[in-house]
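Input: a single structure, listed below in structure tokens.
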Amino acid sequence: MSDATNVPFGPQHPVLPEPIQLRISLEDENVLQALPALGYVHRGIEKAGELNDFQQNVFLVERVCGICSSIHALAYCLAVESAMGLEVPKRADYLRVVWMELHRIHSHLLYLGLLAEAFGFESMFMEFWRIRERVMDLLEMTAGNRVIISVCTIGGVRRDIDAEQARTIREELPKVREEVQRLVDALLGDYTVKRRTAGKGVISGQAALDLGAVGPTLRGSGVAQDMRMAGYAAYSELQFQPVTFPDGDTYSRTAVRAYEVFQSMDLVLAALENLPEGELAAKFKGRPDGAALARVEAPRGELIYMVVGNGTKNLERMRVRVPTYANIPALLSVLPGCEFADVPVVTLSIDPCISCTER
Amino acid sequence: MSELAAVQGIERIEDAPLEGLLEAVRAYRDRRARFITATCLDRGERFEILYLFDEGLKTVAVRTFLPKGQRLPSITGVYLCGFLVENELQDLFGIEVDGLDIDYRGKFLVTNTFETPPLLKQTTCELRPTKEEPS
Amino acid sequence: MNLIQKARMKSPWILHFNAGSCNGCDIEILSCLTPVYDIERFGAVNVGNPKHADVLLVTGPVNRRNERVLRNLYEQMLDPKIVVAVGTCASSGGVFHNCYNCLGGVDKVIPVDVYVPGCAAKPETIIEGVILGLEKLAKMPAKPRPGRTSAEAEKVEAER
């Protein structure tokens, strides 16, 4: 490969919100090989999780990633609860669903905006983010903070959604839905957008499974696998069917996320509709002794926490496997053969979250 | 020297000796299980390593024990996507992996900065005396 | 206040660097650019080139690998310049205080002018922080000050 040109893509690049470097070898305009160089955001959270008290860890794991923070907290809490054999009150389960789905809506709208910007559709980026602010307002109203909402705690949730707030959410979401619908129609129906995304970065369902891909990357290849089907929190009691698209290209992955926004809105409304009365959090004594693994569906895919307790207030081991970590091999397998100008869009199509990946 | 008895959320844990590890992993590959990740625990004299797989939303695991100082065979020949986690094992636990497909040689997440690998027990993460700026 | 200083106040150009942050503050900085908060009404523009920038917004506790990148960026910026540390972990390390790969705050590496609190810092707070920094920038002489000169500026100074 003596005539190959090596191009570093990142760590500071306008389409990447975070520092990751892809070392790309090119022949003319075609990508021959891509390798990631990580480590710019590695902090050492798995070790800090052993040094902290297991209850303090809830606040630490929320800061593994700011975009899907509450889902990290949920996964950690589920793992500790299952290690301690705690029963979570029904109301807490439903409230968790409300917050997790609001979080998913904001994360997917963020992705759709960034993707629009990556192929030069700046006004659509602004529109998606303008609508996203209304979801952020709902999060701020119910949880008191916009991004890191800190609602989960071991045994349940820390805050309640009262009737007034529930009414506001019920009134606001259909309006947001209408606006998102208008934009999604524009995004998915547009000829230029199709030219930029359809057939780019194709990965077949079997290849996606073999490479361990998860979340919208896997569902965009036609594989119906979503951890919400396993029915943690209150998902088993809500009607849930995963969204899939068959083609496995950037367009399919985007469409999965776009339709998941609507699905999440339905889930929020259904959870508020069926919100049972009761306690917010189970009281508990004792410390985790024993190991547990929890798998939940974060916006980017399956998120796994494994905790190993030893009967003291510190954990023996806290293991985090995040969705982007599983999607990187799939990304590396689709980049060879792409044109260099498509690399930003294809890279963004797995919705990479580097601060998750490196912890 | 303790080991995990059972893990809530993992359907079954299958023990494999170090030399039989690749066969055990290949059996999952043949059944089309999806590789999730590997998890390592520092158990004093040895490492306890769990390879997690997904079989229809159920989690199953292959476990092996690696005495400290020995080399771990790489599973990248069976599951290519294992290269990320094996590089991480090299970095954070100081385990040397044999036959790694894409090898960052211990410079994947951290750049050789610590006296002892950071995720081992009883380490204070002392910095190595710096000679020069790492390249 | 001469014309150049006035112009600088009216249109600060901002460079954003993520030094190992959790993304929370970064998406809030992006939110600042979008229609609801719209910092462009203050003339602020987000640029990618450190030589063009007056304000460096840094998020994250700074880890061992990007310490050097951060110092490089700071030294490439021309004087006068201000540094705004956005978020609790950029100010003090915050929740990452006991992480082995974190240095614990931007001020361990480069001098900081404004600390913006919050985890994640809200867009309103970030805008306030930038405005506070601009007040400081207005009082700065165009020449590099002792103690915070970049290596490059020092060399130019010596050659004069």
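The values are calculated or read from the model by the stated rules, or taken from the named source; none is laboratory data. These numbers were taken from a predicted model, which means no experiment stands behind them. For neighbour counting, all protein chains shown are included, and Cβ atoms are generated from backbone atoms with ideal geometry for every residue, glycine included. Surface accessibility is based on the protein's heavy atoms, side chains included, excluding ligands, DNA and RNA. Shrake-Rupley method; radii C 1.70, N 1.55, O 1.52, S 1.80 Å.
Some points to look at:
- Qualifying residue in region B:18-30 (condition: within 13 Å of another protein chain (Cβ to nearest Cβ), at positive phi and either assigned to a strand (DSSP E or B) or open to solvent by 10 Å² or more (accessible area, probe 1.4 Å) (or both)): no
- Scanning region A:227-240 for residues that are facing chain B (nearest Cβ under 9 Å) and touching a residue at least 40 places away in the same chain (Cβ under 8 Å), we see that the one that is farthest from A:L275 (Cα to Cα) is A:M227.
- Any chance A:R182 is open to solvent by 10 Å² or more (accessible area, probe 1.4 Å), without any contact (Cβ under 8 Å) to a residue 40 or more places away in the chain and touching a Pro at 6+ places or on another chain (Cβ under 7 Å): no
- Remark: A:C77 matches the filter, which requires a residue to be touching a helix residue (DSSP H, G or I) at 6+ places or on another chain (Cβ under 8 Å), surrounded by 18 or more Cβ atoms within 10 Å (Cβ to Cβ), more than 14 Å from chain C (Cβ to nearest Cβ) and of a type outside the set (S, T, N, Q).
- Selected residue (criterion: farthest from A:A73 (Cα to Cα)) from residues of region A:233-254 that are assigned to a helix (DSSP H, G or I) and open to solvent by 10 Å² or more (accessible area, probe 1.4 Å): A:Y251
- Pair list, Cβ < 8 Å and 6+ apart or interchain, from region A:137-150 residues that are more than 9 Å from chain C (Cβ to nearest Cβ) to residues that are open to solvent by less than 40 Å² (accessible area, probe 1.4 Å) and among the aromatic types (F, W, Y): A:L139/A:W99; A:T142/A:W99; A:A143/A:W99; A:I149/A:W99
- Region A:91-140, residues that are open to solvent by 10 Å² or more (accessible area, probe 1.4 Å) and in contact with a Lys or Arg (Cβ under 6 Å, 6 or more places away or on another chain): A:F119, A:E140
- Residues being under 23 Å from the mean Cα position of the chain (by Cα) and more than 9 Å from chain C (Cβ to nearest Cβ) - total across region A:39-54: 2
- Selection within region C:101-126 - open to solvent by less than 20 Å² (accessible area, probe 1.4 Å), of a type outside the set (V, I, T) and over 18 Å from C:G20 (Cβ atoms): C:P123
- Leading residue by the ranking (surrounded by the fewest Cβ atoms within 10 Å (Cβ to Cβ)) among those in region C:1-38 that are under 16 Å from the mean Cα position of the chain (by Cα) and more than 13 Å from chain A (Cβ to nearest Cβ): C:S11
- Matching entry among B:L84, B:L57 (being open to solvent by 10 Å² or more (accessible area, probe 1.4 Å), within 28 Å of A:G301 (Cα to Cα) and at pLDDT 80 or above): B:L57
- Residues of region C:90-103 that turn out to be of a type outside the set (S, T, Y) and within 14 Å of the chain's Cα centre (by Cα), as a count: 1
- In region B:1-28, the residues that are basic (K, R) and over 18 Å from the mean Cα position of the chain (by Cα): B:R12
- Qualifying residue in region C:35-46 (condition: of a type in the set (D, E, K, R) and part of a loop (DSSP other than H, G, I, E, B)): yes
- Subset of region C:70-90 (residues that are more than 14 Å from every other protein chain (Cβ to nearest Cβ) and crowded, with 19+ Cβ neighbours inside 10 Å): C:P80, C:K81, C:I82, C:V83, C:V84, C:A85
- Single match in A:P11, A:P19 (criterion: open to solvent by 10 Å² or more (accessible area, probe 1.4 Å), closer than 30 Å to A:K200 by Cβ, facing chain C (nearest Cβ under 10 Å) and modelled with pLDDT under 85): A:P11
- Meets criteria (facing chain A (nearest Cβ under 9 Å) and among the polar types (S, T, N, Q)) for C:N46: no
- Of the helices (runs of 4 or more DSSP H) lying entirely inside region C:49-144, those containing at least 3 residues that are modelled with pLDDT under 85 span C:67-76, C:123-139.
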